[in-house]
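A.B. asks: Shown below is the structure under consideration.
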Amino acid sequence: MNVDSIMNGIVIDHITAGLAFRLYNLLDLDKLDCPVAIIKNVNSRKMGKKDIIKIDSEIPINFDVVGFVDPNATINVIKDGVLVDKHSIGMPQKLTNVIKCKNPRCITSVEQEIEHVFVLTDKQEKVYRCLYCETKADI
Amino acid sequence: MKSLIDIIDLTPQEIDQMIETACDIIDNPKKYSEKCKGKKLATLFFEPSTRTRLSFEAAMYELGGNVIGFSEANSSSAAKGESVADTAKTISCYADIIAMRHPKEGAPFVASKNASIPVINAGDGGHNHPTQTLADLLTIYREKGGFNNLTIGFCGDLKFGRTVHSLINAMARYSGIKVVLISPEELKVPSYVKKNVLKANDIPYIQTTNLEEVMPQLDVLYMTRVQRERFFNEEDYLRLKDSYILDLPKLANAKEDLCIMHPLPRVNEISVAVDDDPRACYFKQVLNGKYMRMALILKLLEEAEK
């Protein structure tokens, strides 16, 4: 299957197979009007299978979201058809307004103005907890 | 601005200093009777709590200060939809320190980020209740002479019991501690408490459903109530509420200097007959709570003035 190379834009590569849609949703890529391609289950020597997202526009990407969904993903910036920047992400220490706390007893469930903040509490197990009530985030 | 939201906001050294202050208050109450003259404590209780609110109020009065506040959300501007942040900013204009109880977890933390005066978490849902832990620590200190090398049993609702999690957190910082967790299967300590606190601090612990079997090992027995308000399902509550009832026959094999604690209120988990046993310390705990709240108010007001 061929998907055209992009001239100016972003390629999110090395996404663990199956996570591209979650990343697409959390990055709000559905709101873009430029071409966006999700390529699933691409053969990869390193990973076996991987997902790729190609965005045909130089939009700002929230690195924290990418790192939260898949810390092994890489973000490649393409300009005039050339790779000009490559970022490895890792897990962010803090996530602000990316996911919401599901604890109905949390103060964020009733006060709309409060930022939803999650803090990385266990890097090994990839556990994020709500800053306010310490409820574990659903990854 | 220094506030107290979680017991781990205080270092063991700060807790030691506060215990020292509390003991000095007990020995020399007159010395402290005007320490907070001209100061106001705002008790913002968005849900009812007789004991904690009165303890804070008594603490402030005994320090020579005054108290303003409300004891339920309906009599506050929260009933009109005011945010916790706005309430905290407003009260900062009237008082010198806030004690806040709120049914929503994290509300006192939000208040502390918006107030210009210290905020004390007086209980936020099933989350934290650090001043109860301070009361517990002073009780253990006064009954056992210190914190090291103790075997502490926690019994009852160890899943939703915020006082249990806080006390485990606080005790984990002392040496030679052993923990015995006694609960029905459904109310076991959450795995993150075991992993992040007990295992992370190399604290030996055992889990059991049998209280009598472990009784002889214990230096401290911390009983808890199965709390109706923490259950979404009434059936589960009714099934589990009578899991453990401490009575005199169960204490037959206990150490002579066992310290029996309970954050209160109790329903039926400690038989009234146990009250006269010299090992019953739960009403001393209530008194100790007032002294530690006095020590805490003094500490936070002093730091706010700096």
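The values are calculated or read from the model by the stated rules, or taken from the named source; none is laboratory data. Everything numeric here is computed off the predicted structure, so don't read it as measured data. When we count neighbours, we look across all protein chains shown, and the Cβ atoms used for this are built from the backbone with ideal geometry, even at glycine.
A.B. asks: Output the residues belonging to the stretch A:87-139 that are at the interface with chain B (Cβ under 8 Å from one of its Cβ atoms), in contact with a helix residue (DSSP H, G or I) (Cβ under 8 Å, 6 or more places away or on another chain) and either touching a residue at least 60 places away in the same chain (Cβ under 8 Å) or crowded, with 20+ Cβ neighbours inside 10 Å (or both).
C.D. replies: Residues satisfying the conditions are A:ASN103, A:ILE107, A:ILE114, A:CYS130, A:LEU131, A:TYR132, A:CYS133.
A.B. asks: Hey, another quick one. Every residue in the stretch A:40-64 that is of a type in the set (A, V, I, L, M) and at pLDDT 95 or above, please.
C.D. replies: Across the stretch A:40-64, the qualifying residues are A:ILE52, A:ILE53, A:ILE55.
A.B. asks: Continuing with the same structure: Among the residues of the stretch B:61-85, what is the count of those that are within 26 Å of B:ARG266 (Cα to Cα) and either modelled with pLDDT of 95 or more or aliphatic (A, V, I, L, M) (or both)?
C.D. replies: Looking only at that region, the number is 1.
A.B. asks: I'd like to check something: does the stretch B:227-243 contain any residue that is buried (at least 20 other Cβ atoms within 10 Å of the Cβ) and either within 22 Å of the chain's Cα centre (by Cα) or not assigned by TED's automatic domain parsing to the domain that holds B:ILE140 (or both)?
C.D. replies: Just the residues of the stretch B:227-243 that are buried (at least 20 other Cβ atoms within 10 Å of the Cβ), to begin with: none.
The answer is no; no qualifying residue exists.
A.B. asks: When the residues of the stretch B:112-156 are filtered to those that are touching a Phe, Trp or Tyr at 6+ places or on another chain (Cβ under 8 Å) and within 14 Å of chain A (Cβ to nearest Cβ), which remaining residue is farthest from B:ALA88 (Cα to Cα)?
C.D. replies: Among residues in the stretch B:112-156 that are touching a Phe, Trp or Tyr at 6+ places or on another chain (Cβ under 8 Å) and within 14 Å of chain A (Cβ to nearest Cβ), the one farthest from B:ALA88 (Cα to Cα) is B:GLY126.
A.B. asks: How many of the residues in the stretch B:209-249 are touching a Ser or Thr at 6+ places or on another chain (Cβ under 9 Å), part of a helix (DSSP H, G or I) and under 17 Å from B:GLY156 (Cα atoms)?
C.D. replies: 1
For (1) in a helix (DSSP H, G or I); (2) touching a Ser or Thr at 6+ places or on another chain (Cβ under 9 Å); (3) not assigned by TED's automatic domain parsing to the domain that holds A:ASN76, each residue gets a yes or a no:
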| position | (1), (2), (3) |
| --- | --- |
| A:ASP13 | no, yes, no |
| A:PHE21 | yes, no, no |
| A:TYR24 | yes, no, no |
| A:LYS40 | no, no, no |
| A:ASN43 | no, no, no |
| A:LYS46 | no, no, no |
| A:ILE52 | no, no, no |
| A:ILE59 | no, no, no |
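A.B. asks: Still on this model: Within the stretch A:84-139, how many residues are among the aromatic types (Phe, Trp, Tyr) and under 28 Å from B:ALA78 (Cα atoms)?
C.D. replies: The initial filter retains those residues of the stretch A:84-139 that are among the aromatic types (Phe, Trp, Tyr), namely A:118, A:128, A:132.
Keeping just the survivors that are under 28 Å from B:ALA78 (Cα atoms) gives A:118, A:132.
Qualifying residue count for the region: 2.
A.B. asks: Moving to a separate point now. Is it fair to say B:ASP136 is of a type in the set (D, E, K, R) and at pLDDT 95 or above?
C.D. replies: yes
A.B. asks: Looking at this structure, is B:GLY153 in a loop (DSSP other than H, G, I, E, B) and small (Gly, Ala, Ser)? Don't jump to the end; show me each part of the working.
C.D. replies: Details: in a loop (DSSP other than H, G, I, E, B): no; small (Gly, Ala, Ser): yes.
Spelling it out, it is not the case that B:GLY153 is in a loop (DSSP other than H, G, I, E, B) and small (Gly, Ala, Ser).
A.B. asks: Let me confirm something: among B:ILE245, B:ILE206, which residue is within 18 Å of B:LEU167 (Cβ to Cβ) and of a type in the set (Val, Ile, Thr)?
C.D. replies: Every option except B:ILE206 fails the conditions.
A.B. asks: Can you give me the number of residues within the stretch B:81-111 that are more than 11 Å from chain A (Cβ to nearest Cβ), touching a strand residue (DSSP E or B) at 6+ places or on another chain (Cβ under 6 Å) and either part of a helix (DSSP H, G or I) or surrounded by fewer than 24 Cβ atoms within 10 Å (Cβ to Cβ) (or both)?
C.D. replies: So the count comes out to 3.
A.B. asks: Exactly one condition in (1) assigned by TED's automatic domain parsing to the domain that holds B:ARG293; (2) over 25 Å from B:LEU264 (Cα atoms) is not met by B:GLU72; state its number.
C.D. replies: In the conditions (1) assigned by TED's automatic domain parsing to the domain that holds B:ARG293; (2) over 25 Å from B:LEU264 (Cα atoms), B:GLU72 misses (2) alone.
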